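What follows is a short report on a single structure.
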Amino acid sequence: MINYGIHHDLSFAMLADCLSADSGLGRELERVPLMDGEWLVNKNLLQMTLAFYEAKTLANNRELLEDRQFIRTLSGFMWDRAQIKLISSFHQQPYTLVFMKLVLSDEAYYSAANRLVDMGLLQHAPLHFENAEKLAQLHYIHSVADEDVKRLCLVFWVKGELSLEEYRELVAATEKYPLMAATLIDLDRNNFVMDGIIGLQRLALTPRKHLQRSIKHHFFSEPSEQYSAHGLDDLNDNELEAAAKALYVLKSSGVTEHAAYRSIIDSNQHKAMALRLFLPQIATINDIDKRKVLIDALYAGVNSSIAHQGQVVQQIMDKTYLSAANNLCERFICVTHLQALGFNNEEIVWVAQEQSEKAKCFRQVILRVEAQCKIISERLSGSASYRTMQEVWRKEESTYRKNLYKIAYAFMNANGQTTLADATRQIKKVEQDILNIVDPPFKSDIYKALIVITNILITMLTLGVANYIKLQSTGNPLFFTQTHSGEEIRALSKEIINTVTPDDEANEVVPNV
């Protein structure tokens, strides 16, 4: 082998086999009939023996290895293992010498021919190799990275009449719809498409149809799962595309549970939408282990509760994974709150953006408002004296939250059409509506007089220090003029304004809130 310079072709496993005491490879190489004056043929015989031995196809190629004249004819075309594999196929079919040499002369040609052999299509291709335009298309197909996409292009190359531009459009479509190529190949192989290649091309250019076929073919093909696929008809085009991407993420991450697949097209629209929203975002993560951690965290929230999701996330030990999971949970929580309040899809998709600074600020508003409203609800429910107030609060607090979010969202997406002063006035109006419930004005003149006297005494006894401290913490220097909940609502309004205000508007004069 050293004399023929082919020892470099040996893998470590092959080399170990060759050097072992009872080497099967060694025996096969010793059987190769080397002849004087035929250095290239001898080399090719050794190369073929190595290739077939490693591929475990030696027994099937004994006849070829004994056909020295056939090998001699093609002896200048064996610098690549792929050529040797193809020559084995050529030996079994009555192809012309001109055809075989042309195909073996170019990597794009013999790579395509090998794939056509695997798909059982090479016998339909010889005339195409006489067409200069078809040969140029093979070079483009060879440049495509994805194996399934290459094979789909070759199906159209053999059976159709696509132009080079149409191949580019087809490849672009497969990049957008990653399940499409494998689906169309299987449908064509099993003759499941009406009108043959014309029907296949029509299907490739109709996203809704091929998405439905792809999802059914890859995820709901079993008889017990086919009923679940009926939910696809209820999805609009955008939802269907998102479902296909979400399912592909699960499959490519090693998730095989049918329950996980079904939940993406589940009748529970909120849960299914959350999965279709977040799973495609997880697809951008190359680390499969990290993907799985985030998928587990996402499904914990979808299938159980936000509280359970938090428990799952707390058990993550890797700091990088934990940070990503916390970020996902924050976005999931905010999406869940907006869904419960009846926000539309556009608003929900916006708040789920991971890289948007505006969306991040908006999420801080949501989390802060939700936390404060929970505190007030618990305070009111803990005292019998607040029973009437609690009943009214329970009816109105969701409207309060929704109005605040609507104002913040509109301001952050107004592109200057809504000023900070406008947003502040709107928040003040919402604030006043809820203050009428949790901090109604005092009606008793005696109670008002007692509050004035008490505040005078506090100011005198503390030299105004207590009033200053209260001003800093609540925005109001006087004691007993507002309920605790009222002070928190007013402080929350200020906090919302500060959160949504861009740095270049921070000094803008706005009405007091």
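The values are calculated or read from the model by the stated rules, or taken from the named source; none is laboratory data. In this text the structure is predicted, and so the values were computed from the model without any measurement. Glycine gets a Cβ as well: all are built from the backbone with ideal geometry, and neighbour counts include every protein chain shown.
Computed values, structure above
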item: Filter result for SER383 (at negative phi and either at pLDDT 85 or above or not small (Gly, Ala, Ser) (or both)); result: no
item: 3 or more residues within 25 Å of ASP287 (Cα to Cα): qualifying helices (runs of 4 or more DSSP H) within the range 314-398; result: 319-340
item: Filter result (surrounded by fewer than 22 Cβ atoms within 10 Å (Cβ to Cβ) and either assigned to a helix (DSSP H, G or I) or among the β-branched types (Val, Ile, Thr) (or both)) within the range 283-294; result: THR284, ILE285, ILE288, ASP289, LYS290, LYS292
item: Of all residues making up the range 140-155, the number that are touching a Cys at 6+ places or on another chain (Cβ under 9 Å), surrounded by 16 or more Cβ atoms within 10 Å (Cβ to Cβ) and part of a helix (DSSP H, G or I); result: 1
item: GLN339 vs. criteria under 29 Å from ASN436 (Cβ atoms), touching a His at 6+ places or on another chain (Cβ under 8 Å) and either buried (at least 19 other Cβ atoms within 10 Å of the Cβ) or polar (S, T, N, Q) (or both); result: yes
item: Count of the range 47-101 residues which are among the hydrophobic types (A, V, I, L, M, F, W, C), closer than 24 Å to GLY26 by Cβ and touching a His at 6+ places or on another chain (Cβ under 8 Å); result: 1
item: Subset tally (residues that are buried (at least 17 other Cβ atoms within 10 Å of the Cβ), of a type in the set (A, V, I, L, M) and within 19 Å of LEU135 (Cβ to Cβ)) for the range 163-183; result: 2
item: Leading residue by the ranking (farthest from LYS290 (Cα to Cα)) among those in the range 217-271 that are in a helix (DSSP H, G or I) and of a type in the set (S, T, N, Q); result: GLN226
item: PHE90 surrounded by 16 or more Cβ atoms within 10 Å (Cβ to Cβ), in a helix (DSSP H, G or I) and not aliphatic (A, V, I, L, M); result: yes
item: Conditions (1) buried (at least 16 other Cβ atoms within 10 Å of the Cβ); (2) closer than 21 Å to TYR167 by Cβ; number of the one not met by GLU107; result: (1)
item: The range 27-55, residues that are over 14 Å from ARG68 (Cα atoms) and assigned to a loop (DSSP other than H, G, I, E, B); result: ALA55
item: Of residues in the range 122-139 being exposed (fewer than 15 other Cβ atoms within 10 Å of the Cβ) and not acidic (Asp, Glu), the one nearest to TYR109 (Cα to Cα); result: HIS139
item: Tabulated pairs, the range 4-30, first over 22 Å from VAL41 (Cα atoms) and modelled with pLDDT under 70, second of a type in the set (S, T, N, Q) and surrounded by 10 or more Cβ atoms within 10 Å (Cβ to Cβ), C-beta under 9 angstrom, 6+ apart or interchain; result: ASP17/SER23
